[in-house]
Every structure is written in structure tokens, then in C-alpha cells.
Amino acid sequence: MTVTARAYPNIALVKYWGKADEDLILPVAGSMSMTLDDYPTTTSVTLADTETFNLNGTEQDGAGSARVHTFLGFIRDLAEKQGLPTATAHARVVSVNEGPTAAGMASSASGFAALAVAAAAAYGLDLDTKDLSRLARRGSGSASRSIIDRFAVWHAGDDESSYAEEIQAPDMAMISVPVATGEKAVSSRKGMVATATTSPFYPEWITSTEQILEEMIDACTAGDFTTIGEIAEVHAMRMHAVIAASRPSIRYLNSASLDVFDRIAQLREEGIETYGTADAGPNVFAITKPGDAAAVAKAFAPFTRDGDAKILFPGRGAHLVDTDQVRAGTGEQP
Ligand code: DP6
């Protein structure tokens, strides 16, 4: 039997950058994000005699599949703990990613969130949302947040207490401004280690992130869009600053990204309240109130390659979808 799940990327408004435990993927500080309503990853898992991973129609081997195989090992460990007969089974994983892979569009978040939900169901694991978030975290830290609907806070802590949960926040939109596609130069995983070991600002980054997360949670609870936007922008800049201070320096933003941040500041001066953020890549997301989204997208159309800045809203956390309908291209459309 084949089980299929779908998950969306999330964009952090308080960033995760740095691990307290590499193996368990425990962050040095908590973070907060919005799950998007587009760029889904749809993943099917079928128990099988051999383990294979197909991504966007291509069979993966070597590094491309190593993280997936390691992750399936965690699933089997859980199956064994729950005394399930599936504990020895391998899996065929087929994944389709509709966002640009590894270009700062958080494909590992949607990828491991979808895999966690599909594989947990295929192996017959009994896991609640918290445990699914903990499980997804082992694949990729930010995947813990893509399990959650709309807005999530991922707690720092130990293996038990480090998971994401929903937080109420005012409705908002993100406009993705994809200034570049293609593989990024330094993976998040490597960039985090380089920052932790060589950036002199790293200790400050950790303490300031803890403080700013508290402010962000208060702003979300108060429905204060302005403070949310200001925090998101300054925290993104702090992340890029602590990374740039690594030796040798790592820089994810390029000149086109900076042009987008300049235009965002200009839009604010023109009276449209919008703020910027960017993950470990050059693509920028503009954060706006839903009513301003169309105007902001229009302002950024000339900045993108295909002239198309995409408007994204808060989306669903990872969930099961009907395999037959996905194959037939019917049912819930991403
Ligand atoms: C810049 O979750 O991709 O997007 O845990 O090593 O898989 P690993 O890293 P990953 O890092 C995401 C970093 C970020 C910020 C964020 O999403 O909070």
C-alpha cells in the first residue's frame, strides 16, 4: 500500500541558525515561522524490500539519498519501539518538489515534513502532531515547523521538548521575489557549522535571538503586524550579518537581493507597510498585510526573472492526501 503526504515550505520570521546538537538537530535558540500555501512537496511512501528515493522523477543515490535513508532509519527505530512488524521493512520514497530545490526556498523543510507524515503512516506509527514535529526535526530542523498550520514556534530544548507548535498571529501575506534559482553555494548545514566555529558574533546571535523570539511571541499574541514585520526584517539582517562574519566569509544575499530590500524600504516610505526577510539564499520575501499584497507584488514584478512575484498566504501543515487522486491529478490541488 502507498501512503502520500503533502507539506509546504515555511519562512522563518525569527530565524534558526546554529545547532546545540548536530545529531539530534537541536537548535541553539527557538524560532518562529509562517507555513506557506504553495511550493508543496508531495511524497509517497511504499514499504518495499529495497530502499530507493526518487526526487522529481530522478532516482537519487549518494549524498542525494543519504539523508533520506538515515531518516528512514529513525522511523524504523520508532516502529521497533512500538513493537510494529514493519520495523524491518524498507521503503520506496517518491517525492515531487514544486519549489526550486536548495535555492533558499526551504525545500528541505517541506521535504522532510512530507516524508515524516507519509512514512509514519506507511510504517503504522502512532504519533501526535508534537511527535511528528520532533520526527521531522531529525530530517531538517526547519521541517519541524512545516508540520504546523499557519504560524509556528519551534522551541529549543532537548529531544523531548524541542518541537514546533502553532501560535496565533494576524493574517499576513508574503511575496516571494525569486531573484535567482539554482543550487546555493554553501548548504545551511555547512554554513551553520562555519558560523558557530568562526564567527565572533555567534554568542551574541544566540542571546539576541532568544530575546527577540520573546518579543515576537508577544507581538503575535497582540496582533501587532508592525512589530512582527520590524522584528522579522532586523532578525534576518542579523542572521546574514553573523554568517557574513564567518571566516572565510559566507554571503547568501547578492546585489539583486539588496535591491529588493532597498525597494521594500522605499515602499514603506511611500506608505505601503512591508518588510523583508531572506533565508540562506538570495531570494527575498516581502511581508505585508493581505490587503497590500497585490500592490507589493506589482512593485516587485520588474525584479524577478519571469516578471512574476508570487503572493503566498499562511498554509496548512503537513497532511495526508489521497494517493489515487494525486496520481490522477484530481482532488486537493496544491
Ligand atoms: C536560514 O532547517 O535547512 O532557513 O537543520 O541543517 O537541515 P538543517 O537546516 P535547515 O536550516 C534552515 C535555516 C534558515 C532559517 C530558518 O528556516 O529558520
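The values are calculated or read from the model by the stated rules, or taken from the named source; none is laboratory data. Being a predicted model, the structure only gives us computed values, none of them experimental. Positions of Cβ are generated from backbone atoms using ideal geometry, with glycine treated the same way; all protein chains shown enter the neighbour counts. Heavy atoms of the whole protein, side chains included, go into the accessibility calculation; ligands, DNA and RNA do not. Shrake-Rupley method; radii C 1.70, N 1.55, O 1.52, S 1.80 Å.
Looking across segment 148-186, the residues that are part of a loop (DSSP other than H, G, I, E, B), open to solvent by less than 20 Å² (accessible area, probe 1.4 Å) and within 14 Å of the ligand (Cβ to nearest atom) come down to I148, S162. Across segment 247-264, the number of residues qualifying as surrounded by fewer than 13 Cβ atoms within 10 Å (Cβ to Cβ) and more than 24 Å from Y202 (Cα to Cα) comes to 2. Restricted to strands (runs of 3 or more DSSP E) entirely inside segment 262-316, those with at least 3 residues that are under 23 Å from the mean Cα position of the chain (by Cα), touching a residue at least 60 places away in the same chain (Cβ under 8 Å) and within 16 Å of the ligand (Cβ to nearest atom) are 284-288. When T129, T70 are screened for being among the hydroxyl-bearing types (S, T, Y), away from the ligand (no atom under 16 Å from the Cβ) and open to solvent by 20 Å² or more (accessible area, probe 1.4 Å), only T129 passes. Report yes if L24 is under 27 Å from L320 (Cβ atoms), in contact (Cβ under 8 Å) with a residue 40 or more places away in the chain and assigned to a loop (DSSP other than H, G, I, E, B), otherwise no. Yes, satisfied.
If only residues of segment 187-243 that are outside any helix (DSSP H, G or I) and on the phi < 0 side of the Ramachandran plot are counted, the one that is surrounded by the most Cβ atoms within 10 Å (Cβ to Cβ) is S199.
Restricting attention to segment 27-47, which residues are more than 14 Å from A118 (Cα to Cα) and surrounded by fewer than 19 Cβ atoms within 10 Å (Cβ to Cβ)? Of everything in segment 27-47, those that are more than 14 Å from A118 (Cα to Cα) and surrounded by fewer than 19 Cβ atoms within 10 Å (Cβ to Cβ) turn out to be D37, D38. Of the candidates T50, T86, the single residue that is among the hydroxyl-bearing types (S, T, Y) and not in a helix (DSSP H, G or I) is T50. Scanning segment 9-16 finds no residues that are closer than 16 Å to R150 by Cα, away from the ligand (no atom under 11 Å from the Cβ), part of a strand (DSSP E or B) and modelled with pLDDT of 95 or more. Return yes when G124 is surrounded by fewer than 19 Cβ atoms within 10 Å (Cβ to Cβ) and either in contact with a helix residue (DSSP H, G or I) (Cβ under 8 Å, 6 or more places away or on another chain) or among the small types (G, A, S) (or both) and no when it is not. For G124, the condition - surrounded by fewer than 19 Cβ atoms within 10 Å (Cβ to Cβ) and either in contact with a helix residue (DSSP H, G or I) (Cβ under 8 Å, 6 or more places away or on another chain) or among the small types (G, A, S) (or both) - is met.
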